[in-house]
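The values are calculated or read from the model by the stated rules, or taken from the named source; none is laboratory data. Quick caveat, the model's predicted, so the values are computed rather than measured. Please note: Cβ atoms are built from the backbone with ideal geometry, for glycine as well, and neighbour counts cover all protein chains shown. These area figures cover heavy atoms from the full protein model, side chains too; ligands, DNA and RNA do not enter into them. Shrake-Rupley method; radii C 1.70, N 1.55, O 1.52, S 1.80 Å.
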Amino acid sequence: STSLLASFWLGAVVRGAASFAPTNYHLHHTTIKQKRQQQLQTSLYIRGGGDSMSSSSLSSVLGPAADAVGSALVSGTPLRAVGGMWAVSSLVIVPLTFIRQGYSFSVGYGFSVAAMALTLLSSFDISLSTLTSSTPAILTATTVIYGLRLALFLLLREFSVDSKRKQIKSFDKTPRLKRTPLALSVSLLYAFMCSPALFALRGAVEAGSVLEKIQLVSTSVAAFGMLLESVADQHKYEAKRKSKETEDKFVGPSTWSYKLVRHPNYLGEILFWVGLFGAGSVSFGKSVVAWLCGSLGLAAILSIMLGSSGRLDTKQQEKYGGQPKYEEWKDAVKYSVIPFFK
């Protein structure tokens with residue numbers, strides 16, 4: 001059931017590090033494991049796990065699976081580690097896709113990215129006190145914020161803009177169970193996209209090296225991309241929300257970041273994923289799995305963003321073409337999504 005899947009993921013987040021302790025944390029392994037077992041018991045009790053079976057019974061079911069995911073992420077082979085990411089992503093995407101098919105690439109996209117990043121932070125036992133001392137940890141925390149912000153924004157937009165709500169609902173054309181292949185495929189893509197954060201945490205680079213500087217700059221690019229996308233999304237949302245009675249009239253936005261390119265929110269998303277890939281790639285080493293998964297994920301999101309911007313340009317031209325304000329803005333802003341590339 002959806003509740004069991006959600007509880008399983010919660011258990012994975014809480015207990016992800018229980019089965020593995022890096023050398024730096026070896027002496028604390030027993031304490032960490034006991035603490036996470038207590039947290040799991042508490043979380044199951046709060047969620048009403050004792051209604052149909054005792055919390056200890058649920059723990060016995062969820063615990064080994066959560067331990068397996070955490071162990072795979074931290075110390076498993078690269079293929080097993082990516083498989084663990086896929087498992088976490090699927091536990092978010094599949095239930096949400098059953099609710100709304102369109103959630104697989106909207107709300108589910110954001111929440112699954114956040115869930116994978118949270119699971120990584122838990123599995124590698126990264127706390128607030130140690131967060132700022134590690135660039136990979138900062139990168140992963142940035143990914144959590146990125147995913148949560150995006151998912152909550154998309155939910156807000158769906159419930160406050162009629163056209164978006166109808167658009168999401170219009171995708172519900174397939175019976176729920178038959179949506180599973182789509183959900184699993186999309187989940188795998190998201191796991192590939194987030195895999196650089198995984199490998200950044202698994203393979204530390206030498207302090208003071210060129211690779212460390214590349215990782216720091218790339219993490220900064222990802223953070224800037226997240227900020228740019230957030231501001232551009234909100235700017236566009238406010239402009240569109242005020243134009244309910246004039247949907248066929250171009251109302252912008254045409255200022256701030258929309259003077260740089262026509263779709264700065266897409267540019268921000270591209271910068272985030274390019275930065276994430278750059279920060280993780282310095283830790284890929286000779287791992288074919290790491291390079292293959294990370295490259296496929298980046299290529300996919302770049303293709304999606306560039307394709308979406310092209311389709312949106314066409315749609316805007318059909319809808320607003322000939323309107324003075326639109327034509328003036330389009331003539332002034334010649335680049336669609338990437339500056340200096342039409």
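Quick one: go through the stretch 245-285 and flag any residue whose amide nitrogen is under 15 Å from the point 7 Å out along the Cα-to-Cβ line of Phe340. Within reach of a label on Phe340, which here means backbone N under 15 Å from a point 7 Å along Cα→Cβ, the stretch 245-285 contributes 261.
Full extension of the chain between Glu206 and Ala300 gives 30.8 nm of extra length, using 0.36 nm per residue less the Cα-Cα distance. Taking all protein chains as they are arranged and a probe of 1.4 Å, the heavy atoms of His235 leave approximately 50 Å² accessible to solvent.
Computed over neighbours whose Cβ is under 14 Å from that of Gly203, the net charge equals 0, Lys and Arg +1, Asp and Glu -1. Taking packing as the residue-averaged number of other Cβ atoms within 10 angstrom, the listed peptides 65-77, 329-341, 278-290 run from highest to lowest as 65-77, 278-290, 329-341. Can you tally the net charge around Thr97? Count Lys and Arg as +1, Asp and Glu as -1, for every other residue whose Cβ sits under 11 Å from the Cβ of Thr97. Net charge in that neighbourhood comes out at +3.
Looking at the stretch 175-245, the pairs of alpha carbons with a distance over 21 Å make up 58% of the total.
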